Amino acid sequence: MSTNNSIAQARKLVEQLRIEAGMERIKVSKAASDLMSYCEQHARSDALLVGLPASENPFKDKKPCIIL
Amino acid sequence: AAAQSRPSALQSGESLATLKNESDSLKKKLEEERAKLHDVELNQVAEKVELVSALSIRTRRVLKGHGNKVLCMDWCKDKRRLVSSSQDGKVIVWDGYTLNKEHAVTMPCTWVMACAYAPSGCAVACGGLDNKCSVYPLSLDKNENLAAKKKSVAMHTNYLSGCSFTNSDMQLLTSSGDGTCALWDVESGQLLQSFHGHTADVLSLNLAPSETGNTFVSGGCDKKANVWDMLPCASVSCRLYDLRADREVAVYQKDSIIFGASSVDFSLSGRLLFAGYNDYTINVWDVLKGNRISVLFGHENRVSCVKVSPDGTSFASASWDTSLRIWA
C-alpha cells in the first residue's frame, strides 16, 4: 500500500518537474530591462511615487467629501 | 472536488528507482538552466535609472474602532471603502474618506485572519479560526442584521489564513493552515479546485492582476511561494521573483532589520515596495535599485497587512495596535 503511494507521489513529482523543465525562460538582463521599462512607463501615474497635489488626492484633502 | 485519481500500479519499465533517477536528473537540469540565465543583477542594470526623489508619504487617516489586533484589510474597488478584520471577532467596513463605520459584523469566532472585498462592492468575505470563509452581502439598510444573510462558502480543516475574490463576486480563493488553497463557487458553496503543494500552513495568497485572472501566488510556512495556474511566515527579507526568468532577482534586506516582514504590496508603477514589519514600521524599498528609501513610523504594534489602493493614490496598513492607517 505504501509503495503504491510512494510511486504515485514520485510520479507526480516527475510530472511537475517535467512541466518546469519545459518552461521557457528569459535572461535576468532581459527581465530586468522589462521591469525597468514598466516602472518608467507607469511612473507618472504612480501617485505614491511622484506625489499628487492635495487638491487631487482625496486623502490629502482635509475637507469632508460630499457624495453627489 | 478535484483530486485526480490515477492508477497506482507500476507502468511498464517504471519503478520507484527509475522515477527517482528521473526526478534527480530533472532537478539538476533545472538548476543548470536557471544558472545560465543569471547573467546580471537587477540592481546593476538599474544603476542608470534615476533615483527616486524624496517621498512625502505620511499618515492621512487613522481608523480606530477595533478592540484588538487588526489582522487583515482589503480595499473596495471604489478606492475609498475598506474592510478590516480583527482578533476581536469583528469585521468592519469603513469609509476611508470620512472615517465612518458603514457596517460591522460580529463573527462567531475570534481571530478573523482574513477578509476581502467583493469586486462589485456589494459583499465582503471573511474567516479565521472558524476554519471557514463566509460571505456577507452588504445591505444599504442600516437596520438590517448582516449576520442573518451570511453564507458559508469555504470549509477547510484548519484556520483560514487568506481569502480573495477572483475577477467576480462568484468565485472565492482561499488559503489555509491546513496547507491547501482552494477555489470555491460562492453561490453553491461547491469546491471547484483544490491546490495541494505546500508542505505546511499556507499563510497568504495574492492573485495576479489580469483580465482573465487565472494565476495566483501563495506563500507558506514551508518558506515556499508557489505560483499556481487556475490558480508568508514572516521573513526578515523580502524577495522579488521574476516569473519569466524563473528566479529570484532581488532581495530587500538590511542588517539593521531584525524583525520579520508580514505583508508587502507594490505601488502602481511597481517602483516602490511597501513592507509592513513586526517592529511596528513600514519600510519603503526601491524595487529596481534594491535600497531602502524610507521608514514610516506611526503604528504602535506589529503591522499585519499593507495594501495599496486600487488606483494607487494611497495605501492602507493594519496593525496589532487595533488601528488602521491610510498613507498618502
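Here are a few things to note about the model shown:
- Selection over region B:268-295 of residues that are over 15 Å from the mean Cα position of the chain (by Cα) and within 11 Å of another protein chain (Cβ to nearest Cβ) gives a count of 11.
- Residue match in region B:231-249 (condition: of a type in the set (Val, Ile, Thr), modelled with pLDDT under 65 and surrounded by fewer than 16 Cβ atoms within 10 Å (Cβ to Cβ)): no
- Just one of the listed residues (A:VAL50, A:VAL28) is among the β-branched types (Val, Ile, Thr) and within 7 Å of chain B (Cβ to nearest Cβ), namely A:VAL28.
- On the stretch given as region B:45-78, residues that are more than 30 Å from B:ASN301 (Cβ to Cβ) and surrounded by 14 or more Cβ atoms within 10 Å (Cβ to Cβ) total 3.
- Qualifying residue in region B:78-92 (condition: in a strand (DSSP E or B) and among the acidic types (Asp, Glu)): no
The values are calculated or read from the model by the stated rules, or taken from the named source; none is laboratory data. All values reported here derive from a predicted model rather than from experimental measurement. A quick note on method: Cβ atoms are made from the backbone with ideal geometry, for glycine too, and the neighbour counts reach across all protein chains shown.
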